[in-house]
1. Please list, in chain and number order, the residues 5+ apart from residue 293 or on another chain whose amide H is under 5 Å from its amide H, with Hs placed from the backbone.
2. Tally Lys and Arg at +1 and Asp and Glu at -1 over the other residues with C-beta under 15 Å from the C-beta of residue 162: what net charge comes out?
3. Tabulate in residue order the Karplus-calculated ³J(HN,Hα) for segment 154-164, using 6.51 cos²θ - 1.76 cosθ + 1.60 with θ = phi - 60°, rounded to whole Hz; enter x for Gly and Pro.
4. Which ³J(HN,Hα) values, rounded to whole Hz and listed in residue order, are derived for segment 221-227 from phi using the Karplus coefficients 6.51, -1.76 and 1.60 in 6.51 cos²θ - 1.76 cosθ + 1.60 with θ = phi - 60°, glycine and proline given as x?
5. Using Cα pairs closer than 8 Å and at least 6 residues apart in sequence, work out the relative contact order for segment 156-275, in percent.
6. Computing the accessible area with a 1.4 Å probe over protein heavy atoms, can you report the carbon and sulfur percentage for the chain?
7. Can you list the lysines whose alpha carbon is less than 22 Å from that of residue 46, not counting same-chain residues fewer than 8 positions off?
8. How large is the charge dipole for segment 137-208, taken about the Cα centre, if only the Cβ atoms of Lys, Arg (+1) and Asp, Glu (-1) carry charge, to the nearest 20 debye?
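The values are calculated or read from the model by the stated rules, or taken from the named source; none is laboratory data. It should be emphasised that the depicted structure is a prediction, and the values quoted were computed from it without experimental measurement. As a convention, Cβ positions derive from the backbone with ideal geometry for all residues, glycine included, and neighbour counts pool all protein chains shown. Each accessible area value is taken on the protein alone, full model and side chains, heavy atoms only, with ligands, DNA and RNA left out. Shrake-Rupley method; radii C 1.70, N 1.55, O 1.52, S 1.80 Å.
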Amino acid sequence: MPETPPDLDRTDPEGAIAAAAKRCSNWGRWGADDVLGTLNFLDEAKRREGAALVRRGASFSLSQSFDENGPQKGWRRRNNPVHTMTDTGVDAERGVQGFPHGIGGADDYIVMPLQASTQWDGLGHIFDHGHAWNGRRAGDVVNSFGDSVTGIETVASLIAGRGVLLDVGRVVGAALGTDGELPDGFAITAEHLAATIAAQGGSSRVGRGDLLLVRTGRLTRARRDIAEGRGWGDYAGGAAPGLSFTTADWLHTSEIAGVATDTWGFEVRPNEFDVAFQPLHQVAIPNMGLFIGEMWDLDALAADCAEDGRYDFWLTAAPLRVTGAVGAPVNPIAVK
């Protein structure tokens with residue numbers, strides 16, 4: 001059971017969610033027709049600021065693999081990607097492909113849930129009491145044909161700018177004696193975020209239009225478990241460190257454009273109420289309009305940031321342009 005933050009009543013998730021949703025709502029902030037949410041904060045000036053951070057040209061993929069060895073276990077029909085070849089080198093050798101003058105080729109396809117691995121949650125992914133982002137009725141946004149209003153394709157060209165890594169696992173984990181990793185059920189509060197910024201220095205400032213990455217070390221631990229023969233365990237859906245419900249106000253007032261973590265669910269699990277499921281999602285996505293990334297691989301980037309002491313960088317993280325999707329895979333690239 002996670003530790004209860006001060007002033008959080010574990011028995012009243014409904015009241016806490018309603019109060020936070022009211023305080024942190026961005027409904028109408030950019031007009032009744034808005035479909036971008038917090039990506040409105042990421043403007044051209046912020047992209048120029050991010051591009052100017054490229055000094056060495058070192059690049060880091062922040063994506064996990066998309067293959068059958070992923071963490072999914074079938075929860076809500078989420079399985080790992082199934083990759084199938086439709087043309088192969090064997091076919092080319094046998095001359096059965098029907099091409100002239102000896103040319104051959106290979107083709108393949110993939111079948112997968114759009115949130116099987118590294119991904120963005122779109123604004124149509126979570127609802128609050130039947131309402132989607134900006135106060136729309138959920139059924140008017142997403143039906144069996146997909147999200148016709150805030151589908152992930154609406155932001156396909158926008159998610160690129162100044163990225164900031166807060167390596168909470170390294171900073172707070174050092175104080176806990178956990179060697180760069182936070183324990184499962186550890187709720188990251190605004191105070192932990194502030195302490196990490198202070199420890200990392202000026203390049204860690206977080207503000208309007210930034211793309212915030214929060215490393216907990218949970219993926220690091222999962223990889224160690226795999227290497228030692230224990231497999232993924234409950235990485236996909238089980239207990240994990242993550243952002244506390246109480247960070248809703250910090251996320252709102254910081255005016256970040258998006259936030260991503262190295263965990264399956266972004267927020268701490270188990271959640272901080274006696275009976276709840278992803279309450280911070282319920283505030284952040286439909287009420288705040290905040291874009292949330294999950295299962296990002298932040299380890300190599302974190303090691304480089306710790307070495308050179310710089311925690312901001314150019315980040316491009318365009319989701320795959322799947323029309324009407326409420327979430328989509330992404331291969332984020334950080335460049336320093």
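1. 121, 259, 260, 261
2. Numbers: positive: 46, 47, 48, 55, 205, 208, 310, 336; negative: 43, 44, 49, 210, 255, 312.
Net local charge, residue 162 excluded: +2.
3. Running phi through 6.51 cos²θ - 1.76 cosθ + 1.60 with θ = phi - 60° gives 5, 10, 4, 9, 9, 8, 7, x, 7, x, 9 Hz.
4. Couplings: 5, 4, 5, 5, 4, 5, 4 Hz.
5. Values: 218 pairs, mean separation 38.8, N = 120.
Once divided by the residue count of segment 156-275, the mean separation gives 32 percent.
6. Numbers: 7660 of 14660 Å².
Carbon and sulfur together cover 52 percent of it.
7. Once the sequence-local lysines are set aside, what remains near residue 46 is 336.
8. Values: 5 positive and 8 negative charges, 75 e Å.
Rounded to the nearest 20 debye, it is 360 debye.
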